[in-house]
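Working notes, beginning with the structure itself.
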Amino acid sequence: MGKIHVTGRLVCKTEAEAEIARTHLPEHIRLSRAEPGNLRFDLTQGEDPMVWHLDELFESAEAFAAHQARTKDSAWGKASSGITREFTVSEEEA
């Protein structure tokens, strides 16, 4: 089983959503990077202030599933539920 690579973007539709992202993302990034099995967790704002690009790498499907479970119940997960997520999940060779 290979590593799980996630790429994509978060797209805010309103300034209120962008403010939620600016407020909650620093802690979400810090917690995500500290998770066991998280090899890379980069979330950067693009030229468009309403869009953040993500590039994440997890050592296994289990590590990615644990990340998703933690995120769902986190302050970020609850506050950002209305923000559009467009991402692709792929498996890389071990």
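The values are calculated or read from the model by the stated rules, or taken from the named source; none is laboratory data. Predicted model only: the values in this text are computed from it and were never measured. Virtual Cβ from ideal backbone geometry, glycine too; neighbours counted across all protein chains shown.
For the reader, a short list of remarks on this structure follows.
- Here is the figure for the stretch 36-65: residues that are of a type in the set (G, A, S) and touching a Gly at 6+ places or on another chain (Cβ under 7 Å) total 2.
- Applying a threshold of 7 Å to beta carbon distances and a minimum spacing of six or more residues, or different chains, the list of pairs starting in the stretch 64-80 at a residue that is in contact (Cβ under 8 Å) with a residue 60 or more places away in the chain and ending at one that is part of a helix (DSSP H, G or I) reads S80/I20; S80/A21; S80/H24.
- Residue within the stretch 52-69 that is modelled with pLDDT of 95 or more, surrounded by fewer than 18 Cβ atoms within 10 Å (Cβ to Cβ) and farther than 25 Å from E91 by Cβ present: no
- If you check L54, L43 for being under 21 Å from V11 (Cα atoms), free of Cβ contacts under 8 Å to residues at least 40 places away in the same chain and not acidic (D, E), only one passes: L43.
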